[in-house]
Amino acid sequence: MQMDTEEIKREIEALETEMVSADFWTDKVKAQTTIRKLGELKDELLGSEKYDKGNAILSILSGAGGDDAEDFSSMLLTMYLKYIQNNGWQTTLIHENKNDVGGYRNVSIEVVGKGAYGTLKNESGVHRLVRISPFNAKSLRHTSFSLVEVVPKFEKNNDAIIIPPEDMKIEFSKSGGPGGQNVNKRETAVRIVHIPTNIAVHVTTERSQEQNRERAIEMLKGKLFKKREDDQMREKNGLSSTKTTEIEWGNQIRSYVIHPYKQIKDHRTGVEVHDIDKVLEDGKLDAFIEAEKKL
């Protein structure tokens, strides 16, 4: 069974304490074995933490709720873009699928900044909005759901995750992204489905089909890495491997309530904020993110 990061740190600390004892070298074979085991643990720790220091891919996918859910995805994107700006990081649009009223069916951005993945990774999960629907003529209260996914940004030559070509279904289509009319005339957009897990990625913003394909593979590697981490954690806790998260009631990690009262509550940490405008419009997520890091 795989050890988590804290267990690895505790084991390293115990071995380092053992190595400074007066009789450590009495048994040379045991000492050499301990040193080799210590090196392997440090390598494993580096592997588990090195992506925390790097860039991230953040995706938002609308769930149940129609126009309301897609509008909620737009609100979440605004919130994260503000938070990213507040941290001095940069963003690049990877793919967007908008509706006719300014909402997003799904959208993906790359977040470039030191520690972006480690900071944002715990934002992954279902987010729930409760408010009076601006799309309902009767002004009824409506509940919407959106899924946030945060995965590490993998570089082109990173072989930590290897995907056999036969495990990928690659589709090409016309892109609606930047680049003008010439882009729309050629099939530059790329969608890749990982056949064993049915995980899919979609990239439209690069100018060439090959650039979009390379970026899509990087995204897919990041998603598979995150799934592997999640599966290891669930195995440690005696749970089955992760399946596709349903974007619906009962799975939410955080609720944003605008009516009948104003409150944002994280259901994992218990953190509550009542100034919802500072969160949704100004990107003031620090209270949530700092509590999440202690999970």
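Descriptive notes on the structure:
- Test: residue 173 is among the hydroxyl-bearing types (Ser, Thr, Tyr) and either on the phi > 0 side of the Ramachandran plot or at pLDDT below 90 (or both): yes
- Condition check for residue 149: open to solvent by 30 Å² or more (accessible area, probe 1.4 Å), under 17 Å from the mean Cα position of the chain (by Cα) and among the acidic types (Asp, Glu): yes
- Here is the figure for region 97-120: residues that are assigned to a helix (DSSP H, G or I) and either without any contact (Cβ under 8 Å) to a residue 24 or more places away in the chain or surrounded by fewer than 20 Cβ atoms within 10 Å (Cβ to Cβ) (or both) total 1.
- Only listed residue being of a type in the set (Val, Ile, Thr) and either surrounded by 19 or more Cβ atoms within 10 Å (Cβ to Cβ) or at pLDDT below 90 (or both), chosen from 130, 193, 126: 126
- Single match in 250, 270, 283 (criterion: open to solvent by less than 80 Å² (accessible area, probe 1.4 Å), at pLDDT below 90 and not hydroxyl-bearing (Ser, Thr, Tyr)): 250
- Verdict on residue 93 being of a type in the set (A, V, I, L, M, F, W, C) and under 21 Å from residue 254 (Cβ atoms): no
- Residues located in region 127-175, provided they are in contact with a Pro (Cβ under 8 Å, 6 or more places away or on another chain) and within 30 Å of residue 276 (Cα to Cα): 141
- Here is the figure for region 69-96: residues that are in a strand (DSSP E or B), open to solvent by 30 Å² or more (accessible area, probe 1.4 Å) and either aromatic (Phe, Trp, Tyr) or in contact (Cβ under 8 Å) with a residue 60 or more places away in the chain (or both) total 3.
- Close Cβ contacts (under 6 Å, 6 or more residues apart or on different chains) running from residues in region 269-289 that are within 17 Å of residue 88 (Cα to Cα) and assigned to a helix (DSSP H, G or I) to residues that are aromatic (Phe, Trp, Tyr) and open to solvent by 50 Å² or more (accessible area, probe 1.4 Å) are absent.
- Of the numbered criteria (1) over 20 Å from the mean Cα position of the chain (by Cα); (2) open to solvent by 80 Å² or more (accessible area, probe 1.4 Å), the one residue 290 fails is (1).
- So residue 154, is it touching a residue at least 12 places away in the same chain (Cβ under 8 Å), surrounded by fewer than 23 Cβ atoms within 10 Å (Cβ to Cβ) and not small (Gly, Ala, Ser): no
The values are calculated or read from the model by the stated rules, or taken from the named source; none is laboratory data. Not measured: the values here are computed from a predicted model. Here Cβ is always computed from backbone atoms with ideal geometry, including for glycine, and neighbour counts include all displayed protein chains. Heads up: the accessible areas ignore ligands, DNA and RNA and are worked out on the full protein's heavy atoms, side chains in. Shrake-Rupley method; radii C 1.70, N 1.55, O 1.52, S 1.80 Å.
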